[in-house]
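Some notes on the structure that comes next.
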Amino acid sequence: MLSDQQMLRIPGPTPIPPSVQRAMSQPMIGHRDRDTKELLRKIKPKLKPIFGTVQNVEILAGSGTAGLEAAVINTVQPGDEVLVIVTGAFGERFVQICNAYNIITHQIHVSWGDAVTPEKVESYLQSHPSIKAVMATFCETSTGVLNPIQQLAKVIHQSSEALYIVDGVSSIGAIEANMDAWGIDILVTGSQKAFMLPPGLTFIAASSRAWEKIEANDQSRYYFDLRKYHHSSLLDSTPFTPSLTLLYGLEQVIKLLDQEGLANVFGRHDLMMKMMRAAFHNLGIPLLTSEKAASPTVTAIKPNTFQADELRKVLKDTFGLVTAGGQGELKGKIIRIGHMGYCSPTDILQVISSIEIGLKMIGMDITLGKGTQAAQKIFLRSGKH
Ligand SMILES: *Cc1c(COP(=O)(O)O)cnc(C)c1O
């Protein structure tokens, strides 16, 4: 095996396109120079369609969790009540952030692998009018579930005055989002998932009603004070030194997304999901999530005839193919395969045929090519050739 070859197929960080890697090798510039203003001026308008908003998308240096924390502390205060929809590890992260700031959480827990139903949220909100914000995860990366974010928006706004805060970290840039049209008040993502960049940036967009709350909120905060970012961004600037290297990369990412066209980017992710699911289905390996709840960015299998981590180890040792295991209660029980960002149908074929060999190597009685063939057929039927 080539010692420097790795197939990184975890749900983030994701591989970096070579042109993005090259863009990030540009020399440093002054963060208060005109060069930085021009860079921001080029990037910022292009982020809006990815979020589906006319609002500014604020860029902060920090990982995705920094964006989630900023979303929480700018909109609510200690003692406020919020509703967190917990469908996996990232829903729990929202709870932990709220706990750290003494924000009172109501929680709707859904079993890991399922999506929440809007009806559950609707009836909860109707009987709890004091709730100031609802927090949901678009793609629950720990299970590969895609929650019905648009339908949730509808019931939340119909049954409450609460702000709707969405963690879109493993979905924005890969899955269509219409923040304004759907009624999302805060939408957050990070750089190392569908944005094809290294970790280190978080992106936050807020609706005008969210901005009203943010401006009026006197919860103390400094680096994460979104008002600072908002006011600076009107001057094509940032309150603190931005991660210039990542901004260079982002400029190139936006070019790539433009070249492919956002609709095609979303279509590619949908096709990759279908290829993955068809392959495992044909191999007789159970998928964790239903068809309806499946995310286009990450697929989880829950094998019942072999050890998940044994297969993962063989794949890593034999092919340098890196997959993710389970988190929390699913530790050791599932394998998660990321297919977002710099990932194409041909990568999926490579992953599936490598997995077939891996299955043989751990002693499974499968027919080689059964999964690959199912994925190949989906590709041919898609007309994307
Ligand atoms: C990756 C991820 C995050 C952020 O994690 P960081 O490690 O802080 O970047 C948050 N939510 C979801 C759904 C994610 O997939």
Where a residue in the stretch 88-101 is touching a residue at least 12 places away in the same chain (Cβ under 8 Å) and over 18 Å from T75 (Cα atoms) and its partner, wherever it lies, is aromatic (F, W, Y) and open to solvent by less than 60 Å² (accessible area, probe 1.4 Å), with Cβ under 7 Å and at least six apart: G88/W112
Lone qualifier among T53, T14 - being in a loop (DSSP other than H, G, I, E, B), open to solvent by less than 20 Å² (accessible area, probe 1.4 Å), more than 16 Å from the ligand (Cβ to nearest atom) and in contact (Cβ under 8 Å) with a residue 60 or more places away in the chain: T53
Give F94, F195 a once-over and let me know the one that is closer than 25 Å to T53 by Cα, part of a loop (DSSP other than H, G, I, E, B), within 12 Å of the ligand (Cβ to nearest atom) and of a type in the set (F, W, Y). F195
For the stretch 22-31, check the following and say yes or no: at least one residue is touching a helix residue (DSSP H, G or I) at 6+ places or on another chain (Cβ under 7 Å) and at positive phi. no
Taking the stretch 278-302 and keeping only residues that are open to solvent by 20 Å² or more (accessible area, probe 1.4 Å) and in contact with a helix residue (DSSP H, G or I) (Cβ under 9 Å, 6 or more places away or on another chain), one is left with A278, H281, N282, L283, G284, P286, L287, L288, E291, K302
Being open to solvent by 10 Å² or more (accessible area, probe 1.4 Å), under 25 Å from Q252 (Cβ atoms), out of contact with any Phe, Trp or Tyr (no Cβ under 8 Å at 6 or more places or on another chain) and not in a helix (DSSP H, G or I) narrows it down to one residue among D35, D4; which is it? D4
Given the conditions (1) in a helix (DSSP H, G or I); (2) open to solvent by less than 40 Å² (accessible area, probe 1.4 Å), every one holds for G30 apart from (1)
Mind telling me which of the residues T65, T141, T75 ends up being at pLDDT 95 or above and more than 16 Å from the ligand (Cβ to nearest atom)? T75
Which condition does P78 not pass, out of (1) assigned to a loop (DSSP other than H, G, I, E, B); (2) within 21 Å of the chain's Cα centre (by Cα), if it passes all the others? (2)
Among the residues of the stretch 222-242, is there at least one that is small (G, A, S), open to solvent by 30 Å² or more (accessible area, probe 1.4 Å) and part of a loop (DSSP other than H, G, I, E, B)? no
List the pairs whose first member sits in the stretch 316-345 and is closer than 25 Å to D270 by Cα and without any contact (Cβ under 8 Å) to a residue 40 or more places away in the chain, whose second member is open to solvent by 10 Å² or more (accessible area, probe 1.4 Å) and in a helix (DSSP H, G or I), and whose Cβ atoms are under 8 Å apart, counting only residues at least 6 apart or on separate chains? G325/D309; G325/R312; I335/R312
Sort out which residues of the stretch 132-175 are open to solvent by less than 10 Å² (accessible area, probe 1.4 Å) and farther than 23 Å from A66 by Cα, and write them in order of number. L152, A153, I156
Of the numbered conditions (1) more than 16 Å from the chain's Cα centre (by Cα); (2) not assigned by TED's automatic domain parsing to the domain that holds G113, Q252 fails exactly one; give the number of that condition. (2)
All but one of (1) assigned to a loop (DSSP other than H, G, I, E, B); (2) open to solvent by less than 10 Å² (accessible area, probe 1.4 Å); (3) of a type in the set (V, I, T) hold for I366; which doesn't? (2)
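The values are calculated or read from the model by the stated rules, or taken from the named source; none is laboratory data. This one's a predicted model, so the numbers in the text were calculated from it and none came from an experiment. Heads up, the Cβs are rebuilt from the backbone with ideal geometry, glycines too, and the neighbour counts pull from every protein chain shown. Areas reflect the complete protein model, heavy atoms only, side chains present, ligands, DNA and RNA absent. Shrake-Rupley method; radii C 1.70, N 1.55, O 1.52, S 1.80 Å.
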